[in-house]
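Worksheet: one structure, shown below.
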Amino acid sequence: MAAVQETIDRVKGIDVDQYRYGFETQIESEKAPKGLSEDTIRFISAKKNEPGWMLEWRLEAYRRWLTMTEPTWARVGYPRIDYQDLYYYSAPKPKKKVASLDEIDPEILKTYEKLGIPLREVEILEGVERPTAAVEAEDGEAAAPRTKIAVDAVFDSVSVATTFKDELKKAGVIFMPISEALREHPDLVQKYLGTVVPTTDNYFATLNSAVFSDGSFVYVPPGVRCPMELSTYFRINERNTGQFERTLIIADKGAYVSYLEGCTAPQRDENQLHAAVVELVALDDAEIKYSTVQNWYPGNSEGVGGIYNFVTKRGDCRGANSKISWTQVETGSAITWKYPSCILRGDNSSGEFYSIAISNGFQQVDSGTKMIHLGKNTSSRIISKGIAAGKSQNTYRGLVSAHRKASGARNFTACDSLLIGDKCGAHTVPYIEAKNSSAVFEHEATTSKISEDVLFYCIQRGLSQEEAVGLVVNGFVKDVLQQLPMEFAVEAQKLISISLEGSVG
Amino acid sequence: MGVAIRKTKAELGLADLYQGARRYLPGGEEITAVRAAAFDRFTAVGLPHRRVEAWRYTDLRTQMKEAKRLASLPDDAAKAKAREAKDLFAGAGFRKLVIVDGAFVPELSDLAELETGLTIQPMADALAADKPLLSQRLGAIVPDDDPALALNTALAANGVVILVAPGTALSRPIHVAFVTTNWVATSMFTRSLVNIGAGASATIVESHQGPDGSEYQVNTAMQLVVGDEARIDHIKVVSDGNSALHIGSLLANIGARATFNQLGFVAGGSLIRNQLFVRLAGEGTVADIRGGSLLSGTQHADTTLAIEHAAENGQSRETFKAVVGDTARAVFQGKITVAPGAQKTDAKMMSRALLLSDEAEADSKPELEIFADDVQCGHGTTTGAIDDELLFYLMARGIPPDEAKALLIQAFIGEIIEGAANEAVRDALTGALLGWLGRRE
């Protein structure tokens, strides 16, 4: 059926100004001088009290970056970024050395409260309405309820708080800002940093290597199942500031960790740059589950403002039987340029990628994954759901490759797109490369609009048009939502309905 | 960006070819200007390489070592060779037009008793008359930046022009046979134009062949202009010699409520690039595009398809299959674009590769680019070895493994061959398939 007039009217009335996290926190902050030079990098490094090798590493990346050109292959368009017109470091001014949460600037605490991110451990213990999922018992010890989540809160360029540190320490898990890890566990950081995403990887990753200011560091020792979900919450607050965070997660032999990431930013007319790097390393029999709910400010209904989210995320299944799973719900950002990937190096390792990318207004999404099969009997699975509404462009771009020695490699890919309105575009650009005859790759993709028949069926049974569309969309993305940890899944579901509000009935 | 890279030997050679030939190439002022502009476009980008997205898997800059000198006009010996050359479609009763070493040869061609409404002319004559056929007819749909096509425009000397008047239904298929006879490696640039008037219908078979062991280079382009409610069946068979470079471009612009059946079949050549640029310009057009590649040895065959649904209610099916043995490499790149407003488009693309050996490689990039919301589009792709269970099934019934494999390959490629509406074409292609399977043993 053709798009009925009703639908068209609704599309015209699209409004993405429903961003709930667009407020700004008034707080004094300390910044590096505007612009990028070796001095900026020295400034950041000095601020962080970093070891000498780290500064060298950064400078090398910076010199490399100067020789590189910005990539243009993605299906996104934006005005040239003036890299000299940005602040590369911005931190809330500390009153004095912070010893406990109580001493953190109350403005920041309020910000996180407003965002629904509890930084006070008590609040979490009290449960706050959330359903208590299965309680896990380990070694007869009274286990923590699964609603417990350790949070690392990153505000502009610095980490302001990390919760449940002590409890994690007992389990042997290291969870701290990477700047702190560089001081406390320099050997560990040096051993793994840049081994998955080398400083030479790509334009934005190289820039990040030079100027990254904070992010999370996780190390789970051999055989340890991390007792709670770990989570980092990224918030961009300051104007004209780029956020360059770096996350490094290492699951040692037989370890397991589930990590969540959330992001928001104030509503502004300017575009802000977010160029992060995430590196995951899974050794033998280890498993890492990485979930993202990305909700950066997407710009207003005219396409003004919003975050440029240029992120490099990559996981290395370094050991045999290791597993890395990426789940992402992408609803924010003016431009998303992001391809969480898995290098399946260990034999029998497996990678998963579950993604929901929703674009509305003038958003541009170019996202997907890479599954690089190197080891024997490696398997990967890609489920990608793109929903384009308004005047947005939504692209899935993915690579599945099997190298000569990757015998028995298996991949299944399904990427489906749903178009809501006739001003948007949905695109699929998969690359499938098999250099081994025993590799079995299957790829399927579909693009369609919500079937009028299905809508009619629902409406006939008493649902409103809006409820019906919601039902169909939720059915469409359910494969991915199921992969999210419980708390996140509920959030994500809400987020999906918010970001599509106004675009459908 | 765009730092000038040192010209390769082949690029320098191509420049020499053009400089040496441009004065003699057919065409008046206008055509000459079109050629010059095309060559400038080529010079600006050079031979395509893997950083050029459309040529990602076929790096001509490294794989084309040098440019061979242009083939000279066929002499009597060449014509005699061409006459004796094996004809896949012999006995099918097709009207045969023969192009020897890049030149249209009337005395070998069947030009007698042309049906009313059918006009056949050598491209060289059409060019000499300075009708800007090369660019004007299809200029709009051709991606100007394709370097191989630009080379063709600059250097094409001959080919054939077939005009079918509106309302004419040609019952007798036309077979355009491109035969390379020369043992000494040369290069040939040919351009052909087929114009099917509104409501007319025709079957055009295009074949390319040449001697094994000769590193000759073919750059051929075919333009199809199909009117409203017309029907075209176009079949292209590449059975070039085992050392040949074959670059072929098909440019098709299809009118409203028309039927477009296209089948490409690769069973020869060393490095093959078949690129198809199809535009379904009118509403309600039905397109069926198929491709089959049989690859062995060190062959490299790249099929690149860009199909644009520019109007409403179009339907297209794209089915591509490749059987890849030894260290051969099959490449499929397909892109379906649905233009804004091309509502009710129904497009489905499928590509499958069957890998017969551990060193074989298949690369596939099926793309969808959709700007209209009320559409049904999909693509699928699979890569894998022969299904062991199917093999077991056949072997359990007493069929030896090699034979069972051959049967499965035959069934696999059979789906492509079945797409040909003409029985004689199906028979010829099946013959080619069996011949290929026979040579494998």
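Things worth noting here:
- Here the Karplus relation 6.51 cos²θ - 1.76 cosθ + 1.60, evaluated at θ = phi - 60°, turns the backbone of the stretch A:295-300 into coupling constants of 9, 5, 4, x, x, 8 Hz, with x for every Gly and Pro.
- Over the protein assembly as shown, equivalent-ellipsoid semi-axes from the Cα gyration tensor in Å: 56, 29, 28
- Label-point separation, B:T32 to B:Q63 (7 Å along Cα→Cβ), nm: 3.6
- Contour excess over end-to-end distance, with Cα ends at A:N474 and A:K110 and 0.36 nm allotted per residue: 127.8 nm
- The HN-Hα couplings worked out from phi for the stretch B:274-283 by the Karplus form 6.51 cos²θ - 1.76 cosθ + 1.60 (θ = phi - 60°) are 10, 10, 10, 10, 10, 10, 8, 7, x, 6 Hz, whole numbers, x standing for Gly and Pro.
- Pairs from B:K321/B:K344; A:K323/A:K370; A:K376/A:K435; A:K370/B:K348 whose Cα-Cα separation, in the structure shown, is over 18 Å: B:K321/B:K344; A:K370/B:K348
- Most fluctuating residue given options B:E229, B:E283, B:E403, as computed from a GNM of chain B linking Cα atoms under 10 Å: B:E403
- R0 of 56 Å, Cβ-Cβ distance B:V184-A:K494: FRET efficiency to nearest 0.05: 0.15
- Prolate/oblate/rounded label for the stretch A:209-260 (Cα gyration tensor, a/c 1.5): oblate
- Relative exposure of B:D240, B:D387, judged by other C-beta atoms within 10 Å (fewest first): B:D387, B:D240
- Mean residue ellipticity, 222 nm, helices only, the protein assembly as shown: the sum of -39500 (n - 2.57) across DSSP H runs of n ≥ 4, divided by residue count and rounded to 500, is -7000 deg cm²/dmol.
- Taking N as its residue count, the alpha carbon Rg of the stretch A:281-360 over 2.2 N^0.38 Å: 1.31
- Largest to smallest principal axis extent of the C-alpha atoms in chain B, angstrom: 68, 57, 50
- Near the amide H of B:G334, within less than 5 Å, lie the amide hydrogens of B:L305, B:K365, B:E367, all on another chain or at least 5 residues away, with H placed in the peptide plane.
- For the stretch A:306-356 versus the stretch B:376-438, the spacing of their alpha-carbon centroids is 38 Å.
- Sequence-distant residues sharing a close amide H with B:N274 (under 5 Å, placed H): B:G248, B:D302, B:T303, B:T304
- Segment B:R317-B:D388, length gained on full extension (0.36 nm per residue, minus Cα span): 22.7 nm
- Annotation: amide H-H contacts under 5 Å for A:L399 (H modelled 1.01 Å from N, sequence separation of 5 or more, or interchain): A:T369, A:K370, A:M371, A:Y431.
- The spread of Cα positions in the stretch B:387-441, taken along each principal axis and listed from longest to shortest, comes to 36, 21, 15 Å.
- Only Lys, Arg, Asp and Glu carry charge here, each on its Cβ (+1 for the first two, -1 for the last two); on that basis chain B has a dipole of about 820 debye about its Cα centre.
- Comparing B:P211, B:P366, B:P400 in a Gaussian network model of chain B, where Cα atoms under 10 Å apart are tied by springs, the biggest mean-square fluctuation is seen for B:P400.
- Neighbour-count order for B:D358, B:D40, A:D152, fewest beta carbons within 10 angstrom listed first: B:D40, B:D358, A:D152
- Beta bridge orientation in the protein assembly as shown: antiparallel %, DSSP, nearest 5: 10
- Helices assigned as whole DSSP H runs in chain B whose Cα atoms extend at least 15 Å along their own long axis and whose mean Kyte-Doolittle hydropathy is -1.0 or higher are found at B:9-21, B:29-45, B:401-417, B:423-440.
- Rounded to whole numbers, the Karplus 3J(HN,Hα) couplings from phi for the stretch A:438-455 are 8, 6, 10, 10, 10, 9, 9, 9, 9, 9, 7, 9, 5, 5, 4, 4, 5, 4 Hz, using 6.51 cos²θ - 1.76 cosθ + 1.60 with θ = phi - 60°, and x at Gly and Pro.
- Prolate/oblate/rounded call for the stretch A:395-486, Cα gyration tensor, a/c under 1.5 rounded: prolate
- Tail beyond 26 Å, pair distance distribution of the stretch A:152-299 (Cα, percent): 22
- Compared with the alpha-carbon gap, the fully stretched path from B:R439 to B:D75 is longer by 127.8 nm at 0.36 nm per residue.
- With both labels modelled 7 Å from their Cα along Cα-to-Cβ, the B:S357 to B:T119 distance reads 5.1 nm.
- When both the stretch A:422-483 and the stretch A:229-261 are represented by their alpha-carbon centers, they are found 29 Å apart.
- Here each label is just a point 7 Å from Cα along the line to Cβ, and for B:Q376 and A:A46 those points are 6.7 nm apart.
Bear in mind that the values in this text are calculations on the coordinates, not laboratory data. Since we're looking at a predicted model, the values are computed, not measured. Quick reminder, even Gly has a Cβ in these numbers, built from the backbone with ideal geometry, and neighbours come from all protein chains shown.
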